[in-house]
Amino acid sequence: MKIRPVIIKNNLLFQVSEYKGTKVYHDNYSEADVRNYIEKMMTDNFKQAQFKMTDADAQVLSGKNSNMTIKYKKSCEVRCQKELSHNRNKKYILEEGKKVDFLVDLGVMTKEGKIVNQRYDKYRQINRFLEFIEDILPELDSTREQTIIDFGCGKSYLTFAVYYYLKVLKGMNIRIIGLDLKEDVIKECNRLAKKYGYEKLEFHVGDIASFKDVEHVDMVITLHACDTATDYALGKAVKWGAKVILSVPCCQHEANGQIKSELLSPVFKYGILKERMAAIFTDAIRADILEANGYQTQILEFIDMEHTPKNLLIRAVYTGKKNQEAAEKLKKMEFDFNDYLTSMEQMNKMGGIGSVLNMLPGVGSKMKDLEGMIDEKALDRTKAIILSMTPKERSNPGILNPSRKNRIARGAGVDITEVNRLVKQFEQSKKMMKQMPGLTGGKMNMGKRGGFKLPF
């Protein structure tokens, strides 16, 4: 969801854009109405909101009992007020009409500075990424050379763009390294860097896991690194103590091969939906791990869903303030029925499992098939089972013997088989979680595909 001020018929309004599947819905609110709208959404649906102003940034966090925490940070430089006209033209960091040599050579721009029609998506993607770079500029140390690494750089659209923006336009003291496995691509990138006179831009052939050419890195970038390659990149960044991490994950085959749920079996029968849920699940864990390691972490929309479903960006800025609760849970790889209950309550706040699934890209066309297969009441029965447990039983599921299960079944008004099914599903979920200690330094339980490994 996004909110921006607009001028319509000489009146200041606030346009709310809600993204559901591949569709976007717009509504315009007065100042008073948008205040009420934001308050309601932060109470019922969201835990975090970001506000960007001309002279400051603010982060609002929704805690327990609807308590709100506001983190306010003044900007180092005053931003220009954006055009508020409803029908305003988009102003890009790399402006159309101004020739940029690397965009010409990469086929995005003509020699006259016009964007090639077939490459407009790439042009918007590059500029969108530079906007994220612009946001984190205050976090970089301007008193010394900043080392930036782009893992899996490919043809290096973004690598060249970041160098051009930071070095040429901003005059910053930087060194950027691009890393990829394709020798011919790396050779061409080095040729272009030399052609443009980009002395502090270099490209190397190699893989992320074995890269050891530098001792310290200030920023790590990774765009669409497949499967656990993203995790190796994040792991390197954490070990270096990188101040900024910008990562757009690609796929997550490891989680996709292991994630199971009887309740969601109607969804998982569709491969594309299971794949996307596995990716979302994995990205959420990645964000939690980064927070446990002292990073303030956000998951943001990179570009519009219509261009690619792989459009989530993990932005992490090192603060040194570790999320101790997340750290302890990840260290032990433990969770209990209290966590189960919390997740279910959050899902209910979002309108139930059907509403959550409808938000996933590509699900809209399948919802008619799923509606008759998903038992929303199953969630209510599951909740009743958990609430029939004592606090000790919820915290220590291992003590659930047949006698306790029978008592719980009677209290929840369900058959004992449903209690056994829930406990079995819980143990399966817990087993899968225990296959993830690669991200916390533990031993890996190797499965058919090598285990679900996040190498922190």
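Given the C-alpha centroids of segment 34-56 and segment 138-171, what is the distance between them in whole angstrom?
31 Å
Sort 41-52, 195-206 by packing, meaning the average of other beta carbons within 10 Å per residue, with the highest value first.
195-206, 41-52
Which entries of Lys114/Lys212; Lys73/Lys167; Lys9/Lys71 show an alpha-carbon separation above 30 angstrom in the structure shown?
From the list (Lys114/Lys212; Lys73/Lys167; Lys9/Lys71), the Cα-Cα distance tops 30 Å for Lys114/Lys212; Lys9/Lys71.
Output needed: percent of Cα pairs per 10 Å distance bin for segment 2-74, bins running from 0 to the one holding the longest distance.
17, 44, 34, 5, 0
Can you tell me how much longer the chain between Lys424 and Tyr29 gets when fully stretched, taken as 0.36 nm per residue apart minus their C-alpha distance, in nm with one decimal?
Roughly 137.4 nm would be gained on extension.
All of the numbers you see were taken from the coordinates with simple rules; none came from a lab. This is a predicted model, so every value here is computed, not measured. We place every Cβ from the backbone using ideal geometry, glycine too, and count neighbours over all the protein chains shown.
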